[in-house]
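Asks: Structure in structure tokens, see below.
Coordinate-derived values only; no laboratory data. Predicted model, so just to flag it, every value in this text is computed and none were measured. A quick note on method: Cβ atoms are made from the backbone with ideal geometry, for glycine too, and the neighbour counts reach across all protein chains shown.
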Amino acid sequence: MDNESQTTAPTSSNSAPAPSSREWKLIEKLLASATIEQRRTRRWGIFFKALTFLYLFVLLIFMTAGFGSRVAEVAEPHTALIDVKGVIAADENASADSLVTGLRAAFESENVKGVVLRINSPGGSPVQSGYVYDEIKRLRAERPEIKVYAVIADLGASGAYYIAAAADEIYADKSSLVGSIGVIAAGFGFVQTLDKLGVERRVYTSGQNKNFLDPFMPEQPEHVAYWKQVLDSPHEQFIAQVKAGRGDRLKDDPALFSGLIWSGEQALELGLIDGFGSSSYVAREVVGAETLVDYTPARSPFEKLAREFGASVGQGLGSLLMSAQIGLR
């Protein structure tokens, strides 16, 4: 074979072919889209961070607001209205802190001509009621020209009547329920239940009365007698405060302080109230300042939100549990 018949094999190259103009345009579009998306993500991030900051700022204001008077100083003469609604307890709307705050705000106003306690409560803590009673007496002594009137709506019983007794006069409806001047403590006994189940109660104490009124052990007569003495003490205080507030208006009836509850008509005959009338009637006809201005302290929006949220969660869990029970049946 001669040299002319030989062919030279093509040499391979490792370099890739250069991109075409179409490919460059596609790459540019992808880079531009990525840049736009990045900018959009950054803007939304700034927006949500600012929104979160604003939410936390408003929440902080709500948390620090606490109780507050619902009204500013009213220029015209008026009757101050304070609601005693629901159970009287430290963590409720009708707590001593709330009611005393409203009372002080009313007595500090130069244009208040009288104060109406609008009561619709079954009572509650004798301690909280006692605080409010004492504060009404103190404020009345400081500004005797401002009279306090209790107006019982549907119910003014036990601790609620304790508070009402501090007022100058008490009004109610003929069908209102009034009184229940007494003290109660209740519980359950599970001794026989444990016996039937074959369960033995074991209690170890370092004091002979540390198992006082244990519901899983038989009652001890000395414990029951002592507990009755304990209950008698606040009952006697209750009676003394009612007598101090109502004075000679009370009838001499042995059932008056027995814990019975009376209708408005019966309460009037017994001297527990002074007459029939609503809050507006008392403001118009008794105080002489028909305009009613609510001085009841309002809970902060945060507290309201927390309570409503808790109630909603409770209802939701209850619904889920009910659904689960129904599904298992």
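Asks: May I ask you to list the aspartates and glutamates whose Cα is less than 15 Å away from that of K243, ignoring any residue fewer than eight positions away on the same chain?
Replies: Partners within reach: D134, D168, E169, D252, D253, D274.
Asks: Something else now. If one computes the Cα centroid of the stretch 97-145 and of the stretch 208-263, what distance in Å separates the two points?
Replies: 25
Asks: E290 to S206: extension gain in nm, 0.36 nm per residue of separation minus the Cα-Cα distance?
Replies: 24.0 nm is the gain from fully extending E290 to S206.
Asks: Take Y226, Y149, Y295 and order them by how many other Cβ atoms sit within 10 Å, fewest up front.
Replies: On the way: Y226 14, Y149 23, Y295 27.
The order, fewest Cβ neighbours first, is Y226, Y149, Y295.
Asks: A further question follows. Please order I184, I146, I88 by the number of other Cβ within 10 Å, starting at the fewest.
Replies: Fewest-to-most ranking of I184, I146, I88: I184, I146, I88.
Asks: Quick one: compute the contact order of the stretch 78-298, relative version, from alpha carbon pairs under 8 angstrom and 6+ residues apart, as a percent. Intermediate results must be reported in sequence, preceding the final value.
Replies: Values: 417 pairs, mean separation 59.0, N = 221.
Value for the stretch 78-298: 27 percent.
Asks: Tally the DSSP beta bridges in the stretch 78-298 and give the antiparallel ones as a percent, rounded to 5.
Replies: The antiparallel proportion sits near 10 percent.
Asks: Take Y162, Y204 and order them by how many other Cβ atoms sit within 10 Å, fewest up front.
Replies: Fewest to most other Cβ atoms nearby, the residues stand as Y204, Y162.
Asks: Taking R0 as 25 Å, what's the FRET efficiency between E92 and K196 from their Cβ-Cβ distance, rounded to 0.05?
Replies: That gives a FRET efficiency of 0.05.
Asks: Hey, can you rank 211-218, 106-113, 246-253 by average C-beta count inside 10 Å, highest first?
Replies: The packing order, highest mean first, is 106-113, 211-218, 246-253.
Asks: Can you tell me the length gained on complete extension of the stretch M217 to F47, counting 0.36 nm per residue apart and subtracting the Cα distance?
Replies: The span from M217 to F47 would gain 54.9 nm if fully extended.
Asks: Near the amide H of L81, under 5 Å away, which other amide H atoms are found, from residues 5 or more places off or on another chain, if H is placed in the peptide plane?
Replies: HN-HN under 5 Å from L81: V116, V293, D294, Y295.
Asks: What lysines could a cross-link reach from K228, if we take a straight Cα to Cα line under 18 Å and drop same-chain neighbours fewer than 8 places away?
Replies: Qualifying lysines at Cα under 18 Å: K210.
Asks: Let me ask something else. Would you list which aspartates and glutamates come within 12 Å of K251, measuring only between C-alpha atoms, while excluding same-chain residues fewer than 8 positions from it?
Replies: Reachable aspartates and glutamates: E269.
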